[in-house]
Amino acid sequence: MPVPLVIVHGGATEFDEENHKAILAAVQRAAHIGFCTIENGGSALDAVESAIWQLEETTLFTAGRGARPNSEGEIELDAMVMDGNRLQSGAVMAIKGVVHPISLARYILERTNNSQFAADGAKRIYDKMVREGYRQPIEPGSTLPPLLSQGCDTVGAVAIDSSGRIVGGSSTSGWSGKLPGRIGDSPIIGAGVYANDVAAASCTGRGEQILRIVMARMAVHHIESGMTTQQAVETVMRELREKTAGEAGLIMIDKNGNVGVGFDTKHMPVAINGGDKIKPYSSMRPVWP
Ligand code: ASP
């Protein structure tokens, strides 16, 4: 039986030194909440939604409450979640007036026959989600996290649960000053996120470059071809650099619970939580246990 494990990242970029402590505490808390959700009987899907919900709730990352405005001063959010074993995903793009797009992405995955919704259409699906009581509203545009994560003390995430189910997710406002309607890699299946029954990957960095090599799918493909998770991470990052001059970061997990982490930006806060079986770990810099 695989050991449950949750890995979260807070984005590949450069963070102000003065915020490092708070950022590390936030990713640790999100990984802890994700793991706690599994311990409460939740699945890897519950864990990824819960961990990303926590990161969306802080103002430290370019997602949820920390979202950066586009060139017209408006907030437009993207998010995606993919259930590897079912090979199904839900994504929301350029949505306005919603703080937790990750929960809507999950609703799209679980309760609709479609995979992707954008802009006003996505907002209408959000209103339907709240009307149906799938998630409880706290204030206009904001909903409570999944029930199983409540009672734990607390933007990309990947997780495996004890049934071997692998899930990956991502949530972002994209880059500050982006053009209205611009959509990066994060909500695009295979680019920002991919998961199947072998592995899951969640990427961060310049979306335009990540899209060009379909980075998350390629990373999973490398594992299917026999690489370890860490070799797959390093290979796909090299491919991104060589083919697009892009910088990025990604986190991965495979069906045996092996972890891969990499980034070539200055920082990428990452936290790993596997309960008492695996020592919790977090870092801003590329030094992995
Ligand atoms: N990849 C995201 C985008 O281009 C940004 C990020 O990872 O911070 O929208």
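Quick look at the values:
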quantity: Every residue from segment 201-215 that is near the ligand (Cβ under 8 Å from one of its atoms) and either of a type outside the set (D, E) or open to solvent by less than 10 Å² (accessible area, probe 1.4 Å) (or both); calculated: C203, T204, G205, R206, G207, I210
quantity: Test for S171: is it open to solvent by 60 Å² or more (accessible area, probe 1.4 Å) and either hydroxyl-bearing (S, T, Y) or touching a helix residue (DSSP H, G or I) at 6+ places or on another chain (Cβ under 7 Å) (or both); calculated: no
quantity: Considering residues of segment 96-119 that are part of a helix (DSSP H, G or I) and basic (K, R) only, the residue least open to solvent (accessible area, probe 1.4 Å); calculated: R106
quantity: Hits in segment 196-206 (condition: modelled with pLDDT of 95 or more and not in a loop (DSSP other than H, G, I, E, B)); calculated: A199, A200, A201, S202, C203, T204
quantity: Positions within segment 1-47 being hydrophobic (A, V, I, L, M, F, W, C) and within 16 Å of the ligand (Cβ to nearest atom), in sequence order; calculated: I7, V8, A12, F15, I23, A26, V27, A30
quantity: Segment 179-195: number of residues that are of a type outside the set (G, A, S), in contact with a helix residue (DSSP H, G or I) (Cβ under 9 Å, 6 or more places away or on another chain), assigned to a loop (DSSP other than H, G, I, E, B) and open to solvent by 10 Å² or more (accessible area, probe 1.4 Å); calculated: 3
quantity: Of all residues making up segment 59-95, the number that are open to solvent by less than 20 Å² (accessible area, probe 1.4 Å) and of a type outside the set (G, A, S); calculated: 12
quantity: Residue within segment 138-151 that is assigned to a loop (DSSP other than H, G, I, E, B) and over 30 Å from G274 (Cα atoms) present; calculated: yes
quantity: Members of segment 165-178 found to be of a type in the set (A, V, I, L, M, F, W, C) and either assigned to a loop (DSSP other than H, G, I, E, B) or within 9 Å of the ligand (Cβ to nearest atom) (or both), listed by number; calculated: W175
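The values are calculated or read from the model by the stated rules, or taken from the named source; none is laboratory data. Predicted, not measured: the structure shown is a model, and the values here were computed from it. With ideal geometry, Cβ positions are generated from the backbone for all residues, glycine too; neighbour counts draw on all protein chains shown. Side chains are part of the model used for accessible areas, which takes the heavy atoms of the whole protein and leaves out ligands, DNA and RNA. Shrake-Rupley method; radii C 1.70, N 1.55, O 1.52, S 1.80 Å.
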